[in-house]
Amino acid sequence: QVQLVESGGGLVQPGGSLRLSCAASGRTISTYGMGWFRQAPGLEREFVACIDWSGRNTYYANSVKGRFTISRDNHKNTVYLQMNSLKPEDTAVYYCAANALGATTTRSRDFTSWGQGTQVTVSS
């Protein structure tokens with residue numbers, strides 16, 4: 001089983017940037033597809049971005065396309081989410097997740113390992 005720990009969240013002004021990190025332990029994630037999801041208060045968890053095992057294929061929710069970038073460093077067993085041009089509606093708890101399929105997928109049920117989440121608050 002893969003253990004995931006997110007970091008890098010915080011309070012940022014609209015238009016600002018943050019980079020989230022997801023450090024994996026327990027086993028290598030080099031064969032896993034990885035994803036980021038988020039959940040705002042009172043709302044369901046939603047897909048944000050995903051990347052396949054190789055890092056060559058990525059997919060984004062329309063709401064973040066062009067502003068967020070997912071990447072991975074398999075040597076460091078870490079996945080990143082660079083978030084630029086942040087908006088108040090990006091405020092949520094952000095979760096990292098791993099899927100053994102190794103593929104890009106937006107379905108949360110495909111992800112078998114989840115982190116505890118990191119809070120991102122966008123406010124002036």
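Within the chain, Cys50 have no other Cys Cβ under 4.7 Å of their Cβ and so lack a disulfide-compatible partner by this rule. Each distinct pair of alpha carbons in the chain adds a 1/r term; the inverse of their mean, the Kirkwood radius, is 14.1 Å. Across the chain, the mean sequence separation of Cα contacts (distance under 8 Å, 6 or more residues apart), normalised by length, yields a relative contact order of 37 percent.
Using the Cβ-Cβ distance between Ser124 and Asn84 with R0 = 25 Å, the FRET efficiency computed as 1/(1 + (r/R0)^6) comes to roughly 0.90. Quick check on segment 9-52: take the gyration tensor over C-alpha atoms, sort the square-rooted eigenvalues as a ≥ b ≥ c, and tell me if it's rounded (a/c under 1.5), prolate or oblate. Here segment 9-52 falls in the prolate category. For segment 3-92, the set of GluC sites (Glu not before Pro) satisfying both a DSSP loop assignment and a count of at most 11 other C-beta atoms within 10 Å is given as Glu44.
Taking a ≥ b ≥ c as the square roots of the eigenvalues of the Cα gyration tensor, segment 36-108 is prolate, since a/c reaches 1.5 or more and a/b is larger than b/c. Accessible area of Leu43 (1.4 Å probe, protein heavy atoms only, ligands and nucleic acids ignored): about 110 Å². Phi angles of segment 29-44 translate, via the Karplus equation with coefficients 6.51, -1.76, 1.60 and θ = phi - 60°, into HN-Hα couplings of 9, 5, 9, 9, x, 10, x, 10, 10, 9, 9, 8, x, x, 10, 6 Hz per residue; Gly and Pro are given as x. When the trypsin sites (Lys or Arg not before Pro) in segment 31-124 are filtered for DSSP coil states and for at most 14 other beta-carbon atoms within 10 Å of their beta-carbon, the remaining sites are Arg56, Lys65, Lys76, Arg107.
The values are calculated or read from the model by the stated rules, or taken from the named source; none is laboratory data. All values derive from a computational prediction rather than experimental measurement. Quick reminder, even Gly has a Cβ in these numbers, built from the backbone with ideal geometry, and neighbours come from all protein chains shown. With ligands, DNA and RNA removed, areas are computed over all heavy atoms of the protein, side chains included. Shrake-Rupley method; radii C 1.70, N 1.55, O 1.52, S 1.80 Å.
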